[in-house]
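Have a look at the structure below before the remarks.
Computed from the coordinates by the stated procedures, all read-outs in this text should not be read as laboratory data. These numbers come from a predicted model, not from an experiment. All Cβ positions, even for glycine, are placed from backbone atoms using ideal geometry, and neighbour counts span all protein chains on display.
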Amino acid sequence: MGLLILKYLTRAALVLLPLVVLVRDWKFHDKRTRRYRQITTGILILTVIFALLAAGFDVYDSREIAKLQEKADELLALEQQLSKKVDAYQRALITQEEMIQGLETKATMAARGISPLHYDFNGVKRETVGGRISVTVGPEVETFGRMAELEESQDHLILIEVCEQQIGESPEWLTPYLYCAVAYANLGEKARAIDYLRHVADNAPGDPSYAMAEEFLRQLEGSNDP
């Protein structure tokens, strides 16, 4: 603060001292007196001193500006380095999330593969007992054929009734959820259709038999209809 006041006083002195000389020249016409020459010489000396002081301040300010610019450049370089690190971290995080999702998908598929009870898309039941797999063509296969016929004939209300009953009897079988979702979607019940499709997509990731569920789910979630 003191340095700033000194700068202002120096600038003011450089303006006022020449003004004093002009006033004296106008007021005192006799410039040959010794007293006049002494005062004028003193004013000129002070002007030179203050001019040198102002020049010193200018040099000082230039150095300070250069230091500030250098610090600004350092901060900019640091910001760029930090930005690169953040970008690298984000890329690594995305890669890690993709790996985790891939592992979760594989784990879900493996769990379905080693589950003691598993249904194929068409309702064929596979059970693992004592390390052996038994294949059973039960009533689910007949129900599958009926669901397909009802979906083709667009009897959505009856299709929902058949699917809901089958879900209660064999909740592990994902196909009734898929057909039920299609029926609900055609009746305009988007929320219930999304719930059933999400159940299929979550429990059969990577299964080509149920790939249509994920596609249909994306379409419903991306639509603006209620």
Inset, instruction - Sort Leu174, Leu68 so that the residue with the fewest other Cβ atoms within 10 Å of its own Cβ comes first and the one with the most comes last. - result: Leu68, Leu174
Legend entry - Cα-based equivalent ellipsoid, region 117-222: semi-axes from gyration tensor eigenvalues, Å: 24, 17, 10
Legend entry - Label-point separation, Ile158 to Asp61 (7 Å along Cα→Cβ), nm: 9.4 nm
Legend entry - Phi-based couplings in Hz for region 205-214 (Karplus 6.51, -1.76, 1.60; Gly and Pro marked x): x, x, 7, x, 5, 10, 4, 5, 5, 5
Legend entry - Computed lengthening from Ala72 to Leu117, 0.36 nm per intervening residue step minus Cα-Cα distance: 9.5 nm
Legend entry - Stretchable slack from Lys84 to Gln165, in nm (0.36 nm times residue separation minus alpha-carbon distance): 23.5 nm
